[in-house]
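Input: a single structure, listed below in structure tokens.
None of the figures in this text is laboratory data; all of them are computed from the coordinates on show. No experiment lies behind these values; they were computed from the predicted model shown. Note that each Cβ is placed from the backbone with ideal geometry, even for glycine, and that neighbours are counted across all protein chains shown.
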Amino acid sequence: GEGYGAAVLRAGLAEAAARGASAVWCNGRSPARGFYEHHGFTAVGEEFVIETAGPHYVFVARL
């Protein structure tokens, strides 16, 4: 809630773009869906469960 996650995400996206990536994806926790969508990601497919971490979505963003 202090902006550290957003700062790390922005830095990672900038680095991926600088290296020529046109898109990125990640497995993100379902409760964090709003965070990812706020930063331009779209949930793709159905929610799934990682046994050790709980429910997730695949999130995709174009750079």
Leading residue by the ranking (farthest from LEU9 (Cα to Cα)) among those in the range 38-53 that are free of Cβ contacts under 8 Å to residues at least 12 places away in the same chain and not in a strand (DSSP E or B): GLU51
Contacts under 9 angstrom Cβ, first residue in the range 5-26 being without any contact (Cβ under 8 Å) to a residue 40 or more places away in the chain, partner of a type in the set (Lys, Arg), 6 or more apart: VAL24/ARG62
Filter result (polar (S, T, N, Q) and either at positive phi or part of a strand (DSSP E or B) (or both)) within the range 14-29: ASN27
Single match in ALA7, ALA11, ALA32, ALA61 (criterion: in a strand (DSSP E or B) and of a type in the set (A, V, I, L, M)): ALA61
Every residue from the range 13-40 that is hydrophobic (A, V, I, L, M, F, W, C) and either farther than 22 Å from GLU51 by Cβ or surrounded by fewer than 13 Cβ atoms within 10 Å (Cβ to Cβ) (or both): LEU13, ALA14, ALA16, ALA17, ALA18, ALA21, ALA23, VAL24, TRP25, PHE35
